[in-house]
Amino acid sequence: MKDMIEITVQKAAIEWLQDLGYTRKEGNSLNRDLKKVVLEIELRSFLQKTYADVPATAINEAMAAFTQHLGMDTDHRNRDFHRKMTQGISVSWKDAQGKENAKHIYPINYAVPEQNSFICADEVSIVGKNNRRMDLLIFINGLPVIVFEFKNMFAHDVGVDNAHGQIGHCLLDIPQLFDYNALTIISDGREALHGMYNSSLKWFAPWKSVTGDTIERNTDLQLETLINGLFPKDILLNYLQNFIFHEDHNGKIIKKGAKYHQFWGINKAVTSAVANIKPNGDGRLGVIWHTQGSGKSISMAILTGILRQLPEMKNPTIVIQVDRSDLDQQLYESFVLCKDLVGDVQHADTTDELRTLLSNDGGGVIFTTIEKFRLKDLENGKEREHPVLSERYNLIIMADEAHRTQYGFNDGGFAQNIRRALPNASFIGFTGTPVDGKGADTELVFGKTIHTYDIKQAVEDGATVPIYYEPKMVPLNINAKYAAELDQVDEDEEESTHTVWAAIEDAAGSEDRVKTVAADILEHYNARIQTLDGKAMIVCMSRRNCVKMYDAITALEGCPEIAVIMTSNIGKDPVAWNEHVRTKDNMEAIKKRFRTPEDPLKMVIVRDMWLTGFDAPCAHTMYVDKIMKGHNLMQAIARVNRVFEDKPNGLVVDFIGISGFLAEATKKYTGSGGEGKPTIDMDVAVNLCLEQFVAVKELMPDFDIAVFNTMKESEKMKWSNNAVNDLLQSDAVTDAFLLEERKLTELVAMTNSDPRIWEIQEEIAIIQKMREVIRKIKSPPGPQRKKNDRIKDLISKSIESQKIVDLAAMYDLDKIDISIIDDRFQAMVKEKGGENIKVELLRRIINDELKVRMVKNIRKMTSLKEELEKVLSKYHKNSLDSIAAIKHLLDIATEFKNDDIRTKELGLTEDELAFYDLLSANEKIINQSGPIQDLVHRVVALVKKNLQLDWTKKEDARSAIRLAVKKELKGKVPFSELDNLLKEVLEQAEGQYKDWPLMG
């Protein structure tokens, strides 16, 4: 098991890459300046071979462009390099006759992968602010475009979060590497994630498909799936060229890359487009069904960018068509941010503008709403039919939400008008909800569904969170005939034109009912945020009802800041609604406020604005008091399924009775081939929570809240100490408790608004307190382990739980280190009681010290580590009692303190003590006049004088150290013993100075 360390994962990755045709080189064999990261000989060789007709002066110009980048910081330089890597550069020169020549040059041959060099180099040293050695880099034509950071698969206390943190340090220490970085991989062997170097960990994701047709369900070796799925040469080059982009948010650069479902879905769409575009095909390019929240806008932008570059498309015009103005604006803004991919984007604000743009022959991207394909009013009456605007074949209509208005083939319908205006256009649809429905023949319009990414997979991947459903019906006082008619109303009928909607609006907006619903919402929300911080949306039947709800809820005590979000018509709206009227800029400002977790605006009331296309990841609850059906309902509830920090779920609370429509939407969803339910009943979550509570209590058999509440304060202190002690009796017991308690805390965060959970809150708070103490004992808190938890414990909510003894304070857990093993601490741990706690504390202290001291004195620390493991093994097998175990552990800890004292008394440095122990152990064979410390000073000085970068891998460097020390010891040590002693000195030097001069 000694070899099962971080390097094992690294070597496995190298073997898989070699199987794909990559060339492996050791980092110290690369021909480069250690301050530079490009293999310039490789890059120059590629350019000269690929562009043999380009003279040396122009090649030099290209070399300079590909190795020197514009930008004041890494993010801007990375963007500049990425543009040059994917789009190439132009160079020019004059020939011998003075004729001007030009060539567009790429640093990578994307068309023929085998024309490029792919090198995977391990242990690559880079000199920077602090020097670093990178686990594995992939160079394509000498450019270091991929970084791998590995952690030990067999260490329980490290994982991908540690690898991600190390990337952050490298970014600060050797920023020149990240000028070129396209993709970063972090892995501990089992878990493997890809992402952008400057992204937070939540945006790193697994790669779960090797071919795009099936999902890899085995999560044990994600690294193998990632390498075999993403790193075949043609796949990787496709990803680098087309699936990475930079967004410029007012000077702040955000780099993004596609997830596996986007990559495979878009590639299938590209294949379908080439095969089916008119005139070669029938113009139906297909439908991509990716569930809401899984990055549909990004997918549309990436596909647009690829289609625009394809030679077969002959500089196409791509019309991005949506069915509502607010969605049009939001998607347009998303595309503008993706300018590096899609180029310049034009927006048709009027029907005339749209007609002018479509009449042009040049390619481009045009945004419009479908209603701009309406018939115009002319002086002599309305147009009889839509005029033909272009007969080009390279026109592609890309529809967002491929249903609703897409099927208006009646005379003068928008869908018919598009086809009259652009008779040779081809169509592709994107949707986040099932596309089949009454009167809608999707295949007739767009073709077959070419890729599906459903709710089940999105939740499994962490692309979205699950949504729970909680019914809290407040009955409507409505005539039975309207209830029957409601089922017959089509989901897309204009509410204002249907009498049933007016009747329901009136019933839902009755004064008494609104007050009841408002009070219930406020009570529910305030209870929910006790354990899960976040924001909420209230959905009402009409603008009038939105205002009524606002007035009712703001009149209640404890109401947070809340806003009504709706359209307005100052010519018709009552003056009393004026406070809810907003300009376009004010609406954008309030959007930003609601999306900001820390902003005091906690709730919004909406009718239909913000129910599609609007993302506020910190929103976790939707209160529904509006009848919604079909895809309108599915889109609305998806507002709370966005991933945000550790948000475990979204919640839909139903006050009006949408459960039947949810069931119908679910039926449609699964009938269309999707897996996973749109919502999960809250009763299921509550029952799971209650079951989990019982499971955790079974791990604490002596915990009875009734008995606990009768205890005196001193008895509570003893009880809590014994409870923690019992939970620390073995690693298996401790791990089981921590795992089950975490499940319980997440379920409580989902269900805390339910009165059934209120009854067990006090007990849960005490359980959480036990967990906190155990965590502090087992592992010290530190910045690398902190996360911005939205899930809050109930500890602070329970007065009784505060009376539990604070073991953390008793043992000073936040500050504990070797320096506190003094007489006071020794006296405390020798007292009777809580032996498991004390053994665990000492284990932690000693392990931490061993990690720090191991490289400085391998021989002694290895011996102490073996002694520690032997003591703990005997203790857990009950062959050593707690008193004896604690004494042994204190003896080991005392060894550390004695070493520190000895180092000072002997006049040695920390570096020298290990060599002193080594030489003094052989003192009988050493002929040394004067103190042995003098010989130690000279030996260590000689070792350090001959160190060089990667010296442990260079036989000549090792020989130089061996020879220098041998000269010093010659004559002082018998010849027969000299080789053995030299071997020990070299082994200690390797352990102590292996990473010289690198830090970390």
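Bear in mind these aren't lab numbers, they're just calculated from the coordinates by the rules spelled out. Nothing here was measured: the structure is a model prediction, and the numbers come from that model. Neighbour counts run over all protein chains shown; Cβ positions are idealised from the backbone, glycine included.
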Taking θ as phi - 60°, what are the ³J(HN,Hα) couplings along region 599-609 by the Karplus curve (6.51, -1.76, 1.60), each to the nearest whole Hz, with x for Gly and Pro? 5, x, 5, 9, 9, 10, 10, 10, 9, 9, 4
Only helical DSSP H runs with n ≥ 4 go in: add -39500 (n - 2.57) per run for the chain, normalise by residue count and round the 222 nm mean residue ellipticity to 500 deg cm²/dmol. -14500 deg cm²/dmol
Expressed in whole Å with the largest first, what are the equivalent ellipsoid semi-axes of the chain derived from the C-alpha gyration tensor as the square root of 5 times each eigenvalue? 59, 44, 21
The Kirkwood hydrodynamic radius of region 258-453, taken as the inverse of the mean 1/r over all distinct Cα pairs, in Å, comes to 16.7
Distance-filtered residues of region 713-756 - backbone nitrogen under 16 Å, label point 7 angstrom along ASP683 Cα→Cβ: 754-756
Specify the inter-centroid distance of region 258-311 and region 146-193, based on alpha-carbon positions, in whole Å. 31
Label-point separation (nm) for ALA736 and TRP758, each offset 7 Å from Cα along Cα-to-Cβ? 3.4
Sorting check: for 227-234, 767-774, which peptide has the highest mean count of neighbouring beta carbons within 10 Å, and how do the rest follow? 767-774, 227-234
Neighbour counts of other C-beta atoms within 10 Å: give me ASP646, ASP400 arranged from fewest to most. ASP646, ASP400
Contour excess over end-to-end distance, with Cα ends at ILE254 and GLU977 and 0.36 nm allotted per residue: 254.0 nm
I'd like to compare 975-982, 501-508, 532-539: which one has the highest average count of other Cβ atoms within 10 Å, and what's the full order after that? 532-539, 501-508, 975-982
With respect to the cross-link table entries LYS255/LYS296; LYS851/LYS994; LYS256/LYS535; LYS11/LYS860; LYS860/LYS904; LYS865/LYS897, which display a Cα-Cα separation exceeding 20 Å? LYS256/LYS535; LYS11/LYS860
What's the ranking of 69-80, 453-464, 926-937 by average number of surrounding C-beta atoms within 10 Å, highest first? 453-464, 69-80, 926-937
Ranking LYS252, LYS870 by Cβ neighbours within 10 Å, fewest first, what do you get? LYS252, LYS870
Rounded to whole Å and sorted largest first, what semi-axes of the equivalent ellipsoid does the C-alpha gyration tensor of region 901-947 yield via the square root of 5 times each eigenvalue? 16, 15, 9
How far, in nm, would the chain grow between GLN346 and ARG859 when pulled straight, counting 0.36 nm per residue and subtracting the alpha carbon separation? 177.6 nm
Cβ-Cβ FRET estimate between LEU906 and ALA96, R0 fixed at 56 Å, reported to 0.05: 0.15
Rounded to 0.05, the calculated FRET efficiency for the beta carbons of LYS103 and LYS376 at R₀ = 60 Å is 0.75
Its Cα gyration tensor gives region 518-634 an equivalent ellipsoid whose semi-axes in whole Å, largest first, are 21, 16, 16
Which of HIS249, HIS580 has the fewest Cβ neighbours within 10 Å, and the rest in rising order: HIS249, HIS580
Take the Cα of LYS49, step 7 Å along the line toward its Cβ, and report every residue of region 129-148 whose backbone nitrogen sits under 14 Å from that point. 140-143
Tell me, what is the percent relative contact order of the chain, built from C-alpha pairs under 8 Å that lie six or more residues apart? 7
Computed label-point distance, nm, for sites LYS851 and ASN424 using a 7 Å Cα→Cβ extension: 6.8
Contact order relative to length of region 209-282, as percent, for alpha carbon pairs under 8 angstrom and 6 or more apart: 23
